[in-house]
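Here, each number is a calculation from the coordinates, and none is a lab measurement. Computed from a predicted structure; not experimentally measured. Glycine also receives a Cβ, built like all others from the backbone with ideal geometry; neighbour counts cover every protein chain displayed.
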There are 4 protein chains.
Amino acid sequence: MINVTVWNEYRHELKDDKVRDVYPEGIHGQIASFLSEENIKVKTATLDEPEHGLTQEVLDNTDVLIWWGHLAHDEVEDDVVNRVHERVLDGMGLVVLHSAHMSKIFMKLMGTSCDLKWREAEEKERLWVVNPSHPIAEGVDETIELVEEMYGEHFDVPTPDELIFIGWYEGGNVFRSGMTYRRGNGKIFYFQPGHETYPTYHHKQIQKVIKNGVEWCNPTPRSRPVYGNSDPLEEIKGFE
Amino acid sequence: MINVTVWNEYRHELKDDKVRDVYPEGIHGQIASFLSEENIKVKTATLDEPEHGLTQEVLDNTDVLIWWGHLAHDEVEDDVVNRVHERVLDGMGLVVLHSAHMSKIFMKLMGTSCDLKWREAEEKERLWVVNPSHPIAEGVDETIELVEEMYGEHFDVPTPDELIFIGWYEGGNVFRSGMTYRRGNGKIFYFQPGHETYPTYHHKQIQKVIKNGVEWCNPTPRSRPVYGNSDPLEEIKGFE
Amino acid sequence: MINVTVWNEYRHELKDDKVRDVYPEGIHGQIASFLSEENIKVKTATLDEPEHGLTQEVLDNTDVLIWWGHLAHDEVEDDVVNRVHERVLDGMGLVVLHSAHMSKIFMKLMGTSCDLKWREAEEKERLWVVNPSHPIAEGVDETIELVEEMYGEHFDVPTPDELIFIGWYEGGNVFRSGMTYRRGNGKIFYFQPGHETYPTYHHKQIQKVIKNGVEWCNPTPRSRPVYGNSDPLEEIKGFE
Amino acid sequence: MINVTVWNEYRHELKDDKVRDVYPEGIHGQIASFLSEENIKVKTATLDEPEHGLTQEVLDNTDVLIWWGHLAHDEVEDDVVNRVHERVLDGMGLVVLHSAHMSKIFMKLMGTSCDLKWREAEEKERLWVVNPSHPIAEGVDETIELVEEMYGEHFDVPTPDELIFIGWYEGGNVFRSGMTYRRGNGKIFYFQPGHETYPTYHHKQIQKVIKNGVEWCNPTPRSRPVYGNSDPLEEIKGFE
């Protein structure tokens, strides 16, 4: 059982009819609905809840956090960002969607500006799998076709640990659209599609990628590294 | 269910009492015995069987192949090496153990000399996990203590996709002891411990690492890339 | 001073007027002409010369080898391929251009099929820099525009050590168009542009990338790793 | 000409006779003295100078900044840290030495805790080159022997872009001792040796590594990426 919390800024949906038409239950509601399965238990949280819905207790009970934000990155309290950061280093998975590339939490984890080129032009995007044996590409076609906001290189992020998708745009741009990072004990998956006015999260293949991302990010039982002053090591142990 | 074939050269055990005492059923027998579990079905194959036990049919029914060899790398027929190579590119997982670093199949997949420093001196090795959130480190202590043959840097292999273990040796050497590579659709895990005169494959933590490696290498259902002459792409599809 | 040998198959130019019009001195001649500078000394070699122009002496006096081939990969003798392979592991740089992705030497170094999608359709390509601080991108615009043969993903090569360019094609494809690999002591740069019927190697920015690639691949004085049986190490030395 | 600024906390030297004996001109003075060469112009800056000696003007005229700190990471003003961070993303190189692994600037660039194991036990360290063709290893022996403070794994940093040295310690630990990262347009080299009570920066090979690191980090002329709203791209240009 994977405990997932879907966090959404939830502002576009409240003030823009077009967005509400696409996501009547909010982007978080739509993501929660397609993730809910036997092995995934989903909750949601939004910006305007107390502590943005991300209390210590909520985070302590979250295996994988999904983050969608755009208009109001600056309204996310630094204390909550630090709390999420600690949990990621402690092992919680993080799936960062679309415009969350400039969320405080992603920028803090990356250490760079996370800036990029963008264009809203109802243009065609085509995602290509460039890492076909990666679990995040399991059951995914070699190319996925969308209408999307253009996100273009150069994308100012660290070189990813793994590059899984490259996006092609009608207007002449490319983008590293699916990438993984490990930070501390936590695994992070950035996935570019998901502009609020397009029905991206209704697309079966996009849903499959996000599900795969959640499973990939899910922490498994492990020994935690021990830090600090450390004695020399002597004994040999561990044989039957 | 993962179908594993454990391939062993099986020469040391037949001519050296010391090795036979450690591995009375052969190295392949010992590995097969600790891998046999609910979700893993194990067969073995050895050098002196016809086609080294690796017929096309055997390979077609193998999800993950484990390879241990040392004295007789040159006796492995090129046809069989090519057959294994094809299956790895096609998606079969490959776990390469210890002295198999100079097996024909590993060298062919790496493209380098795969050479290293070595020393047989009954010395202490200590493996350190340097990638604690990797599935291959799941349930593994932060350090594993062994008596082993020294394998030392520089190890002439490509920079790994992922470095999971670094080995420390009493005599002053270090080694990248656990590494992953992706080649074609196949995943490869190289793991250094396993000198034939030491009871390494009786060590519970080593067994755990190899089991984790098998699970990590196991191919999952995916779209195969299509190569060759290709039309321009036009239509948009895939929404509900 | 960097000693460069430009190797070209040199068949298209001899039998196809269109290609000869674009490269009257051969592709090797054109590359040699723009590389010749104060700090670069260029020779050429072609398939139909004895030993393909790549005698041991030539290779021993080559710091960086550039390789262009297409029609006749199979005619390159295995002995010469092995000789080049040895020199790369020994430290010689290698710049692999366009259709040389399926040359024997590149496939031997990569360990994979090196296959890809392709299409000849007089279509627009746009190269994007995704690693702006890399020396190979020095003095290069953030995007380079070409008419090229389409080379598309999935490109069946190992994950590169460094990804520098991503190519966008009018027809809907993307490609990892500039990538580096280290193998042994040698550095390798694969660069996709250069179809024989287009004036790609007359393009100033493409020339700049290839020059940068040559400089990046150039070996520098270093201690060679020592392999084989090795004593434990004891003494401390090296302070003033 | 490379403009280098060596930044040192400069506290140990003022209050501890043992450290002052090793570095009578301060750690910064010693590093400055061995770096001063034809192609390198060195300045120094320390914590207790106004703005820690790192005014905007100083940083704007610095190609590569070297950072040594230990006792007083918290006394470095956030404004100065942010200023250095901006300059790194803008292209300034950064060489991070020893205990600066927990400096604010390194932690901000990495996004992780940067924690590790440590031990002061006058013990032997042996650095091994694991990336022999890297420019930072140019002219460096395959192993460097030191007496050093132990820094041990797990080191909680992102997977490096390039791993160049692994450190071995007498007491049983290993460490990724030399690593590179790219962040924004800037290049970063972390190098572990340099405990204040040992004469590490008097060691010729260590000096060579740091010089190589400075040269590797030095920014070269390049097109800066353009971010933000971006038109579709149409024209083909750039041929002779």
Legend entry - Helix B:78-90 vs. chain B, principal-axis angle (Cα, 0 to 90°, nearest 10): 60
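Calculate the tail of P(r) for segment B:1-90: the fraction of all Cα-Cα distances greater than 16 Å, expressed in %.
Details: 2162 of 4005 pairs.
Roughly 54 percent, once rounded to a whole number.
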Inset, instruction - Kindly give the distances from B:D48 to its copy-mates, label point to label point, with each label point 7 Å from Cα along Cα→Cβ, as nm values to one decimal ordered shortest first. - result: 5.5, 7.7, 7.8
Legend entry - Theoretical FRET efficiency, 1/(1+(r/R0)^6), r = Cβ-Cβ of C:K18 and C:T220, R0 30 Å, to 0.05: 0.15
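Using a/c under 1.5 as the rounded threshold, could you call the protein assembly as shown rounded, prolate or oblate? The axes a ≥ b ≥ c are square roots of the C-alpha gyration tensor eigenvalues, and prolate needs a/b larger than b/c, oblate otherwise.
Values: a/c = 1.09, a/b = 1.02, b/c = 1.07.
Cα axes put the protein assembly as shown in the rounded bin.
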Inset, instruction - Taking each label point as 7 Å beyond Cα in the direction of the beta carbon, state the distances from A:P135 to the same residue in the other copies, shortest first, in nm. - result: 0.4, 3.9, 3.9
Legend entry - Beta bridges by DSSP in chain B, antiparallel share as percent, to the nearest 5: 55
Legend entry - Acute angle (nearest 10 degrees) that the helix C:204-217 long axis makes with the longest principal axis of chain C, alpha-carbon atoms: 20
Legend entry - Loop GluC sites (Glu not before Pro), segment D:55-85, which have at most 16 other Cβ atoms in a 10 Å radius of their Cβ (DSSP): D:E77
Legend entry - D from A by rotation - nearest chain A beta carbon to the axis, in Å: A:G111, 2
Inset, instruction - Give B:K43/B:K187; D:K108/D:K187; A:K104/A:K211; C:K15/C:K41; C:K104/C:K211 a once-over and call out the pairs whose C-alpha atoms are over 22 Å from each other. - result: A:K104/A:K211; C:K15/C:K41; C:K104/C:K211
Legend entry - Rough spin-label spacing in nm, given labels placed 7 Å along Cα→Cβ, for B:N61 and C:A72: 4.7
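Over the whole of C:82-93, what's the average partner chain Cβ count within 10 Å per residue? Rounded to a whole number, please.
Working: counts 0, 0, 0, 3, 1, 0, 2, 5, 1, 2, 0, 1.
Taking the mean over all residues of the peptide, I get 1.
Grab the DSSP H runs of chain A that are 4 residues or longer, score each as -39,500 (n - 2.57), total them, divide by all residues and round the 222 nm result to the nearest 500 deg cm²/dmol. The partial results should precede the final answer.
Working: 7 runs with 59 residues, N = 240.
After summing the helix terms and dividing by the residues of chain A, the value is -6500 deg cm²/dmol.
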Inset, instruction - Considering the convex hull of the alpha carbon atoms of segment A:121-218, report its projected area averaged over all viewing directions, in nm², one decimal. - result: 6.2
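Apply the a/c threshold of 1.5 to the C-alpha gyration tensor of segment C:10-158 and tell me whether it is rounded, prolate or oblate. Don't skip to the answer; put the middle values down first.
Details: a/c = 1.28, a/b = 1.23, b/c = 1.04.
Judged from the Cα gyration tensor, segment C:10-158 comes out rounded (a/c under 1.5).
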Legend entry - Average partner coverage of D:117-127, which counts Cβ from other chains inside 10 Å: 3
Inset, instruction - Between the label point of D:E215 and that of the same position in each other copy, find the distances and list them shortest first in nm, with every label point placed 7 Å from Cα along the Cα-to-C-beta direction. - result: 1.3, 4.8, 5.0
Legend entry - DSSP beta bridges in segment A:1-84 [antiparallel fraction, %, rounded to 5]: 10
Legend entry - C-alpha long axis of helix A:26-35 to longest principal axis of chain A, angle in °: 60
Legend entry - Whole-Å distance, taken between Cα centres, linking segment D:187-205 and segment D:122-184: 11
